[in-house]
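Okay, so here's the structure we're looking at.
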Amino acid sequence: MKVESMRLYPMLYAVILLFSFSCDDGRHVRENIFAGTGDGDVAVTYTANADSVFLSWQVDEDAAAFDSFRVADAAGRNDILLGHDARRCVLTHVPYNRPVQVTVDMLEGLEVKSSAEISVLIDGTDRAIASVLIPDSGSVTGGDGMYSVALPDGRSIFLMGDSYMGTVTNGTRPPGTHMYRNTYFVYDGFSVRGIADGNGPGTSAAVPDGQPFETKWYWPGHGFAVGDRLFIFQELMYQGEEGAWGFRYETTHTLEYSLPDLVLVRDSRIPFYGPADIHYGAAAMNDGDWLYIYAQVDIENDLDPVTEVLLARTTAERIWTDWEYWTGSGWSGNPAAAKALDGLASVPVSSQFNVFRLGGKYVLFTSDKTFDSGKIWSFVSDTPWGPWRNRRLLYEVPALKPGWYSYNAMAHPQFEKDGMILVSYNVNTGTFAEQFSDVESYRPRFVWIGIDEILE
């Protein structure tokens, strides 16, 4: 379901207004390390959040007479005229991850009396949104996965993999804090509510039947809401070998929850019994009469990965029993007849990705699966099955701390702002202890991506 208006999210909207429209001084935002000063009669500094840059400046006491200020950026996104007494302003839609020159001119009439320039460099991270969705207490405080499903009543449920709850203090969490294999949290427009303990205290939100100690566990795929039902795909995993990368996939289950109360109604294996390297449920979309369920397939899973994407479809009435598979020219009840979707070979699609409708098109949104590539891509199509085209490199994750890495970007198109949609990507660390000593090592990041950048 497409949530069309920020009216459904008043608290989030208020946060967005604060950081995008008001001429605030940005004092609630971390100082940007690239802040500097200008020359002449005007000295300029800035802070930033998301795509917004908060400029502030001082005027020399001996400055020449002037009437007004003009503030403009070299990217051509902003050209603002302000009065004589202005000392701050906000620039929006500033490009990410590249220097952008900003000029502050003092004007007398049309004549420039003095100018100052500052080079603005921002990474686009929205820390205000992050503090709402991943707070320091009261909900999920860190993790990965980060799928979301828009619910019919305007709420959104987020599906997390390995994750933490509890309380974060000064950027740290107590050593030994319990890690859940999966959690959910619900954002209702005002606050978030974390969900775990699905099979008793200390258990995950979803626990496989017959696994009270989660020797086998669930990691979430995607899902969709259909009327008063929510379907979530969960991958059944187990530790097949020693080490951090020794986990193995067994199968995928569909979990059905009632709405709006989110009570588990049914948990059953999907009706696919093919090879274990085909993971249906990696992306899912409710589109009219059909439910589309995508699979990511690793052809080569190494330093230079090669992947394919397959597609099944069903209906809410047949989700437990009968799926059809895209063959490249039509649909078949034989899963072995499934063919890779056309147009995606140029990018190794991540193990987790999503597909959604946007502006009358279908969008496939993914990280490059190459380890820590930091590249986030999109494709568009006129149908859920392709052919996919219009490959766009939307964002490159800025350099992280040594040993940290990024993966599995997700779009959350039910959240829109100024012609942009909300995007998250995961951050993790190769040093497990850092998840406690520095919680930013295991928290999603959030940025806004322009709809025009995806569809043009």
*Considering only segment 188-301, give the strands (runs of 3 or more DSSP E) lying wholly within it that have at least 3 residues that are assigned by TED's automatic domain parsing to the domain that holds residue 412 and not aliphatic (A, V, I, L, M).*
216-226, 229-239, 247-258, 263-269, 278-287, 290-300
*Assess whether residue 295 counts as being more than 19 Å from residue 230 (Cα to Cα) and surrounded by fewer than 18 Cβ atoms within 10 Å (Cβ to Cβ).*
no
*Residues being in contact (Cβ under 8 Å) with a residue 60 or more places away in the chain and crowded, with 19+ Cβ neighbours inside 10 Å: count how many of those fall in segment 366-375.*
1
*Report yes if some residue within segment 443-450 is of a type in the set (Lys, Arg), in contact with a strand residue (DSSP E or B) (Cβ under 9 Å, 6 or more places away or on another chain) and over 22 Å from residue 177 (Cβ atoms); otherwise report no.*
no
*asked:* I want to confirm something. Restricting to segment 376-398 and keeping residues that are part of a loop (DSSP other than H, G, I, E, B) and touching an Asp or Glu at 6+ places or on another chain (Cβ under 9 Å), which single residue is surrounded by the fewest Cβ atoms within 10 Å (Cβ to Cβ)?
replied: 387
*Within the group 310, 341, which residue is free of Cβ contacts under 8 Å to residues at least 60 places away in the same chain, in a loop (DSSP other than H, G, I, E, B) and within 24 Å of the chain's Cα centre (by Cα)?*
341
*So is residue 347 within 19 Å of the chain's Cα centre (by Cα) and either at pLDDT below 95 or more than 20 Å from residue 147 (Cα to Cα) (or both) or not?*
yes
*Could you grab me the full set of residues in segment 86-110 that are hydrophobic (A, V, I, L, M, F, W, C), part of a loop (DSSP other than H, G, I, E, B) and at pLDDT 95 or above?*
86, 94
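The values are calculated or read from the model by the stated rules, or taken from the named source; none is laboratory data. Please read all numbers here as calculations on a predicted model, not as lab measurements. Quick reminder, even Gly has a Cβ in these numbers, built from the backbone with ideal geometry, and neighbours come from all protein chains shown.
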